[in-house]
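The values are calculated or read from the model by the stated rules, or taken from the named source; none is laboratory data. Here the structure is a predicted model, which is why all the values come from computation and not from measurement. Reconstructed Cβ throughout: ideal geometry from the backbone, glycine too, with neighbour counts over all protein chains shown. Just so you know, the surface numbers come from the protein's heavy atoms only, side chains and all, with ligands and any DNA or RNA stripped out. Shrake-Rupley method; radii C 1.70, N 1.55, O 1.52, S 1.80 Å.
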Amino acid sequence: MKGRLVIAAAAVGSLAVAACSSSSSSTAASGGSSSASAATKSCVASVGFEGPITGPVAPLGTEQLHFAQLAVATDNLANKTKITLVQGDTQLQPAQATTVTQQFITNSAIDAVVGPAGSQEVEAVGGPMARAGMAFISGSATAVALTTGKYPTFFRVVSKDSVQGPEDAHYIISNLHPKALMIVDDQEAYSTGLVSAMLPIFQAAGIKVDHESVSQKVTDFSALVAKVTPTTSVVVLPWQVAANAQQFGRDLAQEHKTAVIFGTDGLFSPGTFTINGSYVSSFGPDITAIAADSAIAQAAKAKYGAFGTFGPPVFAATHVIDEAIASVCKAGQTPSRSNVLAAIKNTSEPASILGQPISFDSHGDLNGGKFFLFKINSSGKYQLIPSS
């Protein structure tokens, strides 16, 4: 299944057009069935979207929703499909994600799902999704355990913690040279997974590590800041709530402590987390710096405003599903959970909005996934640090 981002500029430029009503021509058939059975028909399908549209990380979830909507509109125009996006608000809560998933599973019109956003949510819904034969693709869930075989219908278009954790740890060791650091998990699967990946590397390097743990619901970090000693030069925050990191940074400055904050992708939130001199690693690139993405970036900014790195991977995830549905229709079949799942497994896009090809290994992981590192300057701008 080939990617179609080459048509993005033309398609995105026509997003004001209503959902395409023309039909696609089916071409063929397998196993000796007659080509006459592949008559021209409308390619109609529904795709679920699971993301934190409200709640503590609503800005990120809303960005994801907007890029999913942009992908559906773009792909409908390009493929002459009639794909509808069905929204489900998870609030980044496993229980809420489970509720949304059950609603999607019982809706027979939904053939696949984009999301959910958090690793803890994927853990909660992976079983029901598998039993329903429902493919679901996340643009931000990075826990290693998600692709160990437990959830056979799960895919992701971003890399995983076993890549991000070591990359971040080695960067900190080689470039920030801490003799002592603090690392704080937020008691969720995403965060604890990254801590587990980083800790052995820090310890092997002879760095004194203070491992702390704090709930996402905590907003007063004075007690945590009090534990940052004069020799602690780096505080690693693999958190999901950027506003919490911003408050931690303010509390740190109020106590005249100069430790550098190093956050992971959950903190990539321009306008929310803006602590000068901090670092943020992210699973997604800044697409405004990718020339081939200029039309998509301009359309997204014009329609929805500023965005970060959480939306583009969801565009990529949605595009994979849209292309799978289109390929099923072109084969003369009616989209279903089983044939869309099969098409997703065979995804082979030579290019994508993420600046790299998209295909999946047998576990649903993105082949060749990587992470990107940014540093925040005094004006709150995220500046990409070139890879060595």
Matching residues in the stretch 199-244 (touching a residue at least 40 places away in the same chain (Cβ under 8 Å), buried (at least 17 other Cβ atoms within 10 Å of the Cβ) and over 18 Å from Q187 (Cα atoms)) number 4
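Could you please find all residues in the stretch 68-96 being under 22 Å from A243 (Cα atoms) and of a type outside the set (S, T, N, Q)?
Narrowing the stretch 68-96 to residues under 22 Å from A243 (Cα atoms): 89-94, 96.
Within the stretch 68-96, D89, L92, P94 qualify.
Being open to solvent by 40 Å² or more (accessible area, probe 1.4 Å) and among the hydroxyl-bearing types (S, T, Y) is the filter here, so list the residues in the stretch 264-283 that pass it. Please lay out each step first, then the result.
Start the filter on the stretch 264-283 by keeping residues that are open to solvent by 40 Å² or more (accessible area, probe 1.4 Å), which leaves 270-272, 274, 276.
Selection gives T272, T274.
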Condition set part of a helix (DSSP H, G or I) and under 20 Å from the mean Cα position of the chain (by Cα), scope the stretch 216-243, selection nearest to K179 (Cα to Cα): answer is A242
When restricted to N367, N339, N377, the only residue without any contact (Cβ under 8 Å) to a residue 24 or more places away in the chain and either more than 12 Å from V157 (Cα to Cα) or surrounded by 15 or more Cβ atoms within 10 Å (Cβ to Cβ) (or both) is N339
Heads up, the strands (runs of 3 or more DSSP E) in the stretch 102-197 (entirely inside) with at least 3 residues that are touching a residue at least 40 places away in the same chain (Cβ under 8 Å) and farther than 27 Å from A324 by Cβ are 180-185
(1) more than 23 Å from P59 (Cβ to Cβ); (2) open to solvent by 10 Å² or more (accessible area, probe 1.4 Å); (3) modelled with pLDDT of 95 or more all hold for V144 apart from (3)
Across (1) more than 29 Å from P313 (Cα to Cα); (2) buried (at least 19 other Cβ atoms within 10 Å of the Cβ), I183 clears everything bar (1)
Residue within the stretch 88-96 that is at pLDDT 95 or above and in a strand (DSSP E or B) present: yes
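State which residue is least open to solvent (accessible area, probe 1.4 Å) when the search covers only the stretch 310-330 and only residues that are more than 15 Å from A71 (Cα to Cα) and in contact with a Ser or Thr (Cβ under 7 Å, 6 or more places away or on another chain).
Out of the qualifying residues, it is C329.
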Of the residues in the stretch 245-260, those that are surrounded by fewer than 24 Cβ atoms within 10 Å (Cβ to Cβ) and within 18 Å of E212 (Cα to Cα) number 7
Worksheet entry | Filter pass, V72 being of a type in the set (V, I, T), under 16 Å from G311 (Cβ atoms) and modelled with pLDDT under 95 | no
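Give the residues of the stretch 91-120 that are surrounded by 24 or more Cβ atoms within 10 Å (Cβ to Cβ) and under 18 Å from V47 (Cα atoms), sorted by residue number. Before the answer, list the steps.
Filtering the stretch 91-120 for residues surrounded by 24 or more Cβ atoms within 10 Å (Cβ to Cβ) gives 92, 97, 100-101, 104, 111-119.
If the condition is that a residue be surrounded by 24 or more Cβ atoms within 10 Å (Cβ to Cβ) and under 18 Å from V47 (Cα atoms), then A97, V100, T101, F104, D111, A112, V113, V114, G115, P116, A117 are the ones that fit.
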Residue set T309, T288; condition touching a residue at least 24 places away in the same chain (Cβ under 8 Å) and among the β-branched types (V, I, T); output residue T309
* To do: Kindly establish whether G249 is modelled with pLDDT of 95 or more and farther than 27 Å from V122 by Cα.
  => yes
